[in-house]
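I have placed the structure first, in the form of structure tokens, so that the comments after it can refer back to it.
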Amino acid sequence: MTFPTFNDLKKNLKKDTGAFPLLKIALLGDSATQFLSLAIKGMGVEKGYRIDLYEADYNQIEQQFMDKSSGLYGFNPDYIVVFHSARKLLQHYNELPTSEQSQLAEQRLDFIRFIAGSVTCKVIYYNYPEIDDSVFGSYSVKVESSFLFQIRKLNYELMLLSQTFPNFFVCDIASLQNTCGRDMMFSPSLYVNADLVLSLEILPRVAMLTLSIVEALAGKFKKCLIVDLDNTLW
């Protein structure tokens, strides 16, 4: 599959989309999301949608969900995209007392359960690409308090939550990193200078994954007609 570049998606925003069906999407992140929002809107044009996107202020996920008078609830979206980054999670993990590090996944899961239960619209939640802080090495899989153990536990429990809450869906950007590699997924310079966790190169693929979930929920599927050489239809 040929993916458009980030610049291609930006150019899409200049196209006339007045005849496209409208989607209302809210985007909340704990890091800078302005380029991700552009990529999602641009990918929406690629897929034939006009996206009205509410982008919450920087690192306001908790405040937006807990305050019923927030812009999130006022916007009344069809879909909410939530991006808790693995790098911010690692930062939080390093600030915890050693005695509490084994509770990292459960603490985050408690809030995710609150998210899923507090709204009726569809929630698309990005899972966590793995970061090995190399403190324990291979032994980290035997140490519950290690960051690698916690992030793997968190990703597993997210799948279970998606079975529990019918409005909760996991966008598997962890698998995207496994496929494309960490170097394509993450740009250290962008992270240091602009707090952008996702590289410009990976943004079209993340936007594609996000909109693919939206399309499936909206009932838009691709169908295939297979014709055998003896004129048999399958």
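A few remarks follow.
- Checking each residue in the stretch 37-72 for being assigned to a helix (DSSP H, G or I) and in contact with a Gly (Cβ under 8 Å, 6 or more places away or on another chain) picks out 61, 64.
- Test: residue in the stretch 17-30 that is assigned to a loop (DSSP other than H, G, I, E, B), among the charged types (D, E, K, R) and either touching a Cys at 6+ places or on another chain (Cβ under 9 Å) or more than 30 Å from residue 130 (Cα to Cα) (or both): no
- Residue selection: residue 83 satisfies the criterion of being crowded, with 20+ Cβ neighbours inside 10 Å, in contact (Cβ under 8 Å) with a residue 40 or more places away in the chain and among the aromatic types (Phe, Trp, Tyr).
- Summed over the stretch 73-98, residues that are assigned to a helix (DSSP H, G or I) and of a type outside the set (Lys, Arg) total 12.
- Residue 37 surrounded by fewer than 18 Cβ atoms within 10 Å (Cβ to Cβ) and out of contact with any helix residue (DSSP H, G or I) (no Cβ under 9 Å at 6 or more places or on another chain): no
- Condition met for residue 20 (surrounded by 15 or more Cβ atoms within 10 Å (Cβ to Cβ), more than 29 Å from residue 163 (Cβ to Cβ), among the hydrophobic types (A, V, I, L, M, F, W, C) and in contact (Cβ under 8 Å) with a residue 24 or more places away in the chain): yes
- In this structure, residue 202 qualifies as within 21 Å of residue 9 (Cα to Cα), surrounded by 19 or more Cβ atoms within 10 Å (Cβ to Cβ) and hydrophobic (A, V, I, L, M, F, W, C).
- With respect to the conditions (1) open to solvent by 70 Å² or more (accessible area, probe 1.4 Å); (2) more than 16 Å from residue 204 (Cα to Cα), residue 13 lacks only one, and its number is (2).
- Any hit, the stretch 73-85, residues being out of contact with any His (no Cβ under 6 Å at 6 or more places or on another chain) and charged (D, E, K, R): yes
- Which numbered condition residue 219 misses (of (1) open to solvent by 40 Å² or more (accessible area, probe 1.4 Å); (2) outside any helix (DSSP H, G or I); (3) without any contact (Cβ under 8 Å) to a residue 24 or more places away in the chain; (4) within 20 Å of residue 41 (Cβ to Cβ)): (4)
- Any hit, the stretch 179-192, residues being touching a helix residue (DSSP H, G or I) at 6+ places or on another chain (Cβ under 8 Å), of a type outside the set (A, V, I, L, M, F, W, C) and open to solvent by 40 Å² or more (accessible area, probe 1.4 Å): yes
- Within the set 65, 111, 75, the sole residue that is hydrophobic (A, V, I, L, M, F, W, C) and touching a strand residue (DSSP E or B) at 6+ places or on another chain (Cβ under 7 Å) turns out to be 75.
The values are calculated or read from the model by the stated rules, or taken from the named source; none is laboratory data. It should be emphasised that the depicted structure is a prediction, and the values quoted were computed from it without experimental measurement. Using ideal geometry, Cβ is built from the backbone for each residue, glycine included, and neighbour counts are taken over all protein chains shown. Protein only, heavy atoms only, side chains kept; ligands, DNA and RNA dropped before computing areas. Shrake-Rupley method; radii C 1.70, N 1.55, O 1.52, S 1.80 Å.
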